[in-house]
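The values are calculated or read from the model by the stated rules, or taken from the named source; none is laboratory data. Keep in mind it's a predicted model, so treat the numbers as computed, not measured. Every residue, glycine among them, receives a Cβ derived from its backbone with ideal geometry; neighbour counts consider all protein chains shown. Keep in mind that these areas ignore ligands, DNA and RNA; they rest on the heavy atoms of the full protein, side chains included. Shrake-Rupley method; radii C 1.70, N 1.55, O 1.52, S 1.80 Å.
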Amino acid sequence: MSEPMPEPAELAARAEKLDAADELAAKRAEFVLDDVVYLDGNSLGALPAHVPGRVEDVVRRQWGELRIRSWDESGWWTAPERIGDRIAPLVGAAPGQIVVGDSTSVNVFKALVAAVRIAGDGRDEILVDATTFPTDGYIAESAARMTGRTLRPVTPAEVPDALGDRTAAVLLNHVDYRTGRLHDLPSLTAAVRAAGAVSVWDLCHSAGALPVGLDEHGVDLAVGCTYKYLNGGPGSPAYLYVRHGLQDRFDSPLPGWNSHAEPFGMHRDFTAAPGAPRGRVGTPDILSMLALEAALDVWDGVPVEAVRAKSLALTDFFLECVEAYAPAGRVEPVTPAAHAERGSQVALRCADAGDVMRELIARGVVGDFRHPDVLRFGFTPLYVSFADTERAARVLADVLGR
């Protein structure tokens, strides 16, 4: 005989107890929030409260008063590597391997073409995640054409069997953007390495939400955005990881004066800078980059493991509340139940998902909709509470029961 479903009062009381015991609860006060339940931080993170003041200083004093002197005196020139080193602990990387700048798309292109060049002429096939965010697929197809390779889309589960001595590079997403499925980075990276190919991971939906372990698991190259769980702001610059052992072989398809060994030498011939700076291209986008640097302050003293523990607790609780509240048969979870296979979002299949999400937003619960029938709810542990989670499920059930 099945257990009776918990009542709303019981779940609301449990949410209150969980919030009282939450070691990350104080972090919520460091963000600009209102009465809306914001579950779209997997698309755009909330604003850290201290960022506007820091950006005002950048604009008024560093740009307005110091002007050109700020490249040296305010540290503008070294910002891409300095901020990269701030991100490094969040993805399990030692210093000196991450450079910040450009968009995720540009960095995917740089990483994938460089991966093919590292692999060498004897390997003529690129594997790409068939379930990837569309841009990654577009770039992989273009990179294959430009490098004279064949592109082969496969699901992450198919990668081990698809690898061979023809494989040059493999581009994979750590977390599926639609379903929230977490792919097995350690075992897939090991399989790629054993085949003699180069791994490229897209971390957009995992960095800042769960441990990644780039160094620990021997990832070759990785890219990611900073405007989701890292809260860098709309269009904030992305980052590129090149592991130490590959840096002298990283041949960027976009060499620029910022990635030159002597950027102010204005030499006609290109000589790549040593280390992570060879991933740079042109002049850094300083305003958004320094907004990101300020936003990263909220991570000071926060263990990623604690973030992961709360993420799993939040998503477990949301799934329980949805099961208890929602009318039978109206929604179906597509995010895996197993913790080892779940990122930090919950995706629900719903026939009228677009209309449901519009109504949810009108009622103060903000998630998003992915065509054709997926409701996505992102759980950002630094500022989402268990009370938020229970309320979101309750409002969703009310909308579904109209």
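Select one label from [x] 147; [y] 135; [z] 176: the one whose number is volume of the Cα convex hull per residue in Å³ as derived from the coordinates shown. Only one option fits the structure, namely [x].
Across VAL159, VAL99, VAL200, mean-square fluctuation computed from a Gaussian network of the chain (C-alpha pairs under 10 Å connected) peaks at VAL159.
In a simple Cβ point-charge model (Lys, Arg +1; Asp, Glu -1; nothing else charged), the stretch 286-336 has a dipole of about 140 debye relative to its Cα centre. Summed over the residues of the chain and divided among them, the accessible surface reaches 42 Å² per residue at a probe radius of 1.4 Å. Think of the chain as a dipole: +1 on every Lys or Arg Cβ, -1 on every Asp or Glu Cβ, centred on the Cα centre; then among ALA353, GLY401, SER74, SER74 lies furthest on the positive end. Dividing the convex hull volume of the alpha-carbon atoms in the stretch 156-248 by its residue count gives 106 Å³ per residue. Estimated from helices alone, the mean residue ellipticity of the chain at 222 nm is -10000 deg cm²/dmol (sum of -39500 (n - 2.57) over DSSP H runs with n ≥ 4, per residue). Only the Cβ atoms of Lys and Arg (+1) and of Asp and Glu (-1) were treated as charged; on that basis the dipole of the chain about its Cα centre amounts to roughly 860 debye. For the residues THR150, THR189, THR226, a GNM of the chain with alpha-carbon springs under 10 Å puts the largest fluctuation on THR150. Of the residues ALA168, SER199, SER142, the one whose Cα sits farthest toward the positive end of the charge dipole of the stretch 142-204, with +1 on the Cβ of Lys and Arg and -1 on the Cβ of Asp and Glu, is SER142. Over all distinct Cα-Cα pairs of the stretch 318-377, the Kirkwood formula returns a hydrodynamic radius of 12.0 Å.
Towards the positive end of the charge dipole of the stretch 255-353, with charges on Cβ (+1 Lys, Arg; -1 Asp, Glu), say which of SER311, ALA340, GLY265 has the farthest Cα. So the residue furthest toward the plus end is GLY265. Here the convex hull built on the C-alpha positions of the stretch 273-402 has a volume of 169 cubic angstrom per residue. Quick one: plug the Kirkwood hydrodynamic radius of the stretch 178-337 (C-alpha pairs) into Stokes-Einstein at 25 °C, 0.890 mPa s, and report D in µm²/s. Using the Kirkwood radius from Cα pairs, D works out to 131 µm²/s.
Here, the stretch 56-202 is characterised by an Rg to Rh ratio of 1.09, where Rg is the alpha-carbon radius of gyration and Rh the Kirkwood radius. Counting every pair of alpha carbons in the stretch 342-402, the share spaced more than 14 Å apart comes to 54 percent.
Between ASN42, ASN258, ASN173, the residue with the greatest mean-square fluctuation in the GNM of the chain (Cα pairs under 10 Å linked by springs) is ASN258. Taking the chain as the region of interest, the number of lysine pairs whose Cα atoms are within less than 19 Å, with members eight or more places apart or on different chains, is 5.
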